[in-house]
Amino acid sequence: MIEPANANLPIGKQCKLLSISRSSFYYTPKGETAMNLMLMRQIDEQLLETPFFGVRQMTWHLRNDGHPLPSRALRSNVPRGW
């Protein structure tokens, strides 16, 4: 949609025509950290074994496995609808 190589129409004007901010055009999302990926994998494995675990029980289980994390950190990594 936006053509950075277009010399006739600057990027700022192209963004304005499309009603998006220039910062949105330049934004590149960050990937997941290795810690988050490992944590999500362990959560998925545990949910397959014990789908009845809630956030508190899952936090307790992960802490017993040696992951010192607050329950809020777990809430941001759980799948939606859990």
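The values are calculated or read from the model by the stated rules, or taken from the named source; none is laboratory data. Predicted, not measured: the structure shown is a model, and the values here were computed from it. Cβ placement follows ideal geometry from the backbone for every residue including glycine, while neighbour counts extend to all protein chains displayed.
What the table below lists for this structure:
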read-out	value
Sole exception among (1) more than 20 Å from the chain's Cα centre (by Cα); (2) modelled with pLDDT of 85 or more for residue 56, by number	(2)
Scope the range 6-51; condition of a type in the set (Gly, Ala, Ser) and either surrounded by 12 or more Cβ atoms within 10 Å (Cβ to Cβ) or part of a loop (DSSP other than H, G, I, E, B) (or both); matching residues	7, 19, 21, 31
Of all residues making up the range 1-49, the number that are of a type in the set (A, V, I, L, M, F, W, C) and at pLDDT 90 or above	8
